[in-house]
Amino acid sequence: MSIPPLSPDQTRLLQDGYQAQVRGLLDDAARQYRKILKKVPDHPDVMHLLAMVRSRQHRTDEAIALYRAAAVLKPQDAKLWYNLGLAYTSVERNGEGADAFARALALDPSLPEGVGMLFSARRSVCDWRDDARLLAAIARAADPAQPEIPPFFTLWQDDPALQLAAARRTVRRRCAGIVPKPLPARDRADGRVRIGYLSADFRNHPTTHLLVRLLEVHDRSKFEITAFSIGPNDASPARKRVEASVDRFIDCERDQPAETAERARRLGIDILVDVMGHTNGNRMEIFAGRAAPVQVSYLGYPGTSGADFMDYVIADPFVLPLDDARFFSEKVVHLPDTYQPNDPTLAIAARPSRAECGLPDSGFVFCAFNNARKLDPATFALWMRLLAQVPDSMLWLLAGEEARANLRREAEAAGIVPDRLVFAPHRPLPEHLARMALADLFLDTFPYTAHTTASDALRVGLPLVTRTGRSFASKVAGRLMQLSGLGDLVTDSAEAYETLALSLARDKDRLAAIRTRLEEGTARTRLFDIQRYRAQIEAAYLAMMERAMAGAAPDHMAVAPSPAEGSGA
């Protein structure tokens, strides 16, 4: 189908709209595109551009309608199908997103990031068609002859060298040509260190649930805390709590990266902390422009940024031993307990009954509440073997409707009655935490293990079986369990994991003793002692600043263990 030509005036409107779009002036861009479409309503390229604007404005239903209409007129446009996939997956319509990504890749197999997005969408609904092929493509992410893969998806390969290479490749492309600007002279009127935390997830999000109590308890005699929000405002209690927890909250969602970097420089931020890494919505370009004297990777991404402009990564000796520092572009800062903060004040609702959660009154409940995207065919097959060997057992999962249908089909193919899978609907966090305690044993995924979810389980006294590997992402649950006195439930192979889980399910007395140890033991208090954690991370920040002020280059450092001041809350 031929594309209708634009008049000179319409071409000028298109150019003006595109320039406004690039500068982030989305309302202006949309206005120009709509003027054109009033005269030429069947122009797929203009519809495509307007759809991109509507996506950025979070008007996703309108964006999807525009993409679909444009695809009818221009079905061979791979980028159009790819952007339709992005719109679908942004509102958890992952099955439709996967179909759009597959269509895009069929038209253009070299499409950058296409393989990663197809992998993610398929995994999100537990559609494991071509899973091995997609994983193999991700394993080639460092090959410049292959399409680029978003670094985030290399976390499903237990290969820190691959994760570094993929991250470096993405950073080189995205940040090419960005020249760091000189930093202004620091006004040290009150002598406090100015910390900025930058995130797109200051909302109802697992990372915010981990971080917010730390923001509240930072020592204000030594630190001034600013939050830079580069993501949407969901108006949730979590968002409002972050806004109230900091000295200054700045909404930068509509900023261009250079504008946010300039805000940080004008405020004299000493240490700018990236809570995103290569997760969705990140703006690595802010740091490429050198927004602060010290720039730190922290919490949101269990891997390296691959960027030479990030000075430090905050970790602990278990998840990132110094022997593995060669796989990180940053210098490693070890906190003595764990890199992960936790909020001891999170509310937990009254515990429901099993019946209220769709569980039978008796029988063994295996729980697997990780994001469905972390689940792979081999792990699910292992879980089905456990169900087959433990009579009257069931597997309790979190999954959307499409994933549920796929998992039931996989269970039946493995010889397991699909009704032995019980699916938990999404609930507010206090209710979710309360119901987790009803399970008997949490089964972890690999190589991307439970992170916030592991803390949630330990918080309510639910033991886990986990497996560790070589990568940061594979070790997080293991470290949290060590701190909680459950190091004996950390395995290092699929065989050991399966043997241990089966043994615990068959030995109720042993499992009850472990649960009692977890619920009554004092070891777990270290995981939720936010004052102890605060003292440790603040010592790290002060050490970073001391080096920077002395003109010394960043270097590896370790914070010495020390008791916290004050209470655990």
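When you check residue 183 against the structure, is it over 25 Å from residue 433 (Cβ atoms), touching a strand residue (DSSP E or B) at 6+ places or on another chain (Cβ under 7 Å), in contact (Cβ under 8 Å) with a residue 40 or more places away in the chain and hydrophobic (A, V, I, L, M, F, W, C), yes or no?
Here the answer is no, as residue 183 does not meet what is asked.
Condition first: closer than 17 Å to residue 166 by Cα and of a type outside the set (Ser, Thr, Tyr). Now tell me which residues in segment 92-123 satisfy that.
111, 112, 113, 114, 115, 116, 117, 119
From 332, 296, grab the single residue that is at pLDDT 95 or above, hydrophobic (A, V, I, L, M, F, W, C) and within 19 Å of the chain's Cα centre (by Cα).
Matching residue, one of 332, 296: 296.
So, in segment 1-27, how many residues would count as being hydroxyl-bearing (Ser, Thr, Tyr) and part of a loop (DSSP other than H, G, I, E, B)?
2
Taking residue 239 and the conditions (1) more than 14 Å from residue 287 (Cβ to Cβ); (2) out of contact with any Lys or Arg (no Cβ under 6 Å at 6 or more places or on another chain); (3) touching a residue at least 24 places away in the same chain (Cβ under 8 Å), which numbered condition does it fall short on, given that it satisfies the others?
(2)
Run residue 439 past the list (1) farther than 28 Å from residue 327 by Cα; (2) crowded, with 18+ Cβ neighbours inside 10 Å; (3) out of contact with any strand residue (DSSP E or B) (no Cβ under 6 Å at 6 or more places or on another chain) and report the number of the one that doesn't hold.
Among (1) farther than 28 Å from residue 327 by Cα; (2) crowded, with 18+ Cβ neighbours inside 10 Å; (3) out of contact with any strand residue (DSSP E or B) (no Cβ under 6 Å at 6 or more places or on another chain), the lone unmet condition for residue 439 is (3).
Could you identify the single residue in 104, 98 that is assigned to a helix (DSSP H, G or I), at pLDDT 95 or above and in contact with a Phe, Trp or Tyr (Cβ under 8 Å, 6 or more places away or on another chain)?
Only one candidate passes the filter, namely 104.
For residues that are over 19 Å from residue 448 (Cβ atoms) and buried (at least 17 other Cβ atoms within 10 Å of the Cβ), tally how many sit in segment 109-131.
2
Just to verify a result, which residue in segment 160-189, among those that are touching a helix residue (DSSP H, G or I) at 6+ places or on another chain (Cβ under 8 Å) and assigned to a loop (DSSP other than H, G, I, E, B), is modelled with the highest pLDDT?
By that ranking, first place goes to 178.
Among the residues of segment 544-558 satisfying the criterion of being assigned to a loop (DSSP other than H, G, I, E, B) and hydrophobic (A, V, I, L, M, F, W, C), which is nearest to residue 310 (Cα to Cα)?
Among residues in segment 544-558 that are assigned to a loop (DSSP other than H, G, I, E, B) and hydrophobic (A, V, I, L, M, F, W, C), the one nearest to residue 310 (Cα to Cα) is 553.
Taking the condition in a loop (DSSP other than H, G, I, E, B) and either in contact with a helix residue (DSSP H, G or I) (Cβ under 9 Å, 6 or more places away or on another chain) or in contact (Cβ under 8 Å) with a residue 24 or more places away in the chain (or both), does residue 134 pass?
no
When residues of segment 463-497 are filtered for being outside any loop (DSSP other than H, G, I, E, B), at pLDDT 95 or above, buried (at least 20 other Cβ atoms within 10 Å of the Cβ) and of a type outside the set (S, T, N, Q), how many remain?
14
Just give me the residues in segment 344-359 being touching a Pro at 6+ places or on another chain (Cβ under 6 Å) and free of Cβ contacts under 8 Å to residues at least 12 places away in the same chain, in sequence order.
none
Output the residues belonging to segment 371-420 that are farther than 19 Å from residue 494 by Cα, over 26 Å from the mean Cα position of the chain (by Cα) and not in a helix (DSSP H, G or I).
391, 392, 393, 394, 415, 416, 417
Specify which of the listed residues (89, 11, 60) is on the phi < 0 side of the Ramachandran plot, at pLDDT below 95 and not hydrophobic (A, V, I, L, M, F, W, C).
11 is the lone residue from the list that is on the phi < 0 side of the Ramachandran plot, at pLDDT below 95 and not hydrophobic (A, V, I, L, M, F, W, C).
Can you tell me which residue within segment 532-553, out of those that are among the aliphatic types (A, V, I, L, M) and over 30 Å from the mean Cα position of the chain (by Cα), is surrounded by the most Cβ atoms within 10 Å (Cβ to Cβ)?
549
Looking for whichever is touching a residue at least 40 places away in the same chain (Cβ under 8 Å) and touching a strand residue (DSSP E or B) at 6+ places or on another chain (Cβ under 9 Å) here; the options are 421, 462. Which one fits?
462
The values are calculated or read from the model by the stated rules, or taken from the named source; none is laboratory data. If you're wondering where the values come from, they're calculated on a predicted model, not measured in any experiment. Ideal geometry is used to build each Cβ from the backbone, glycine not excepted, and the neighbour counts take in all protein chains shown.
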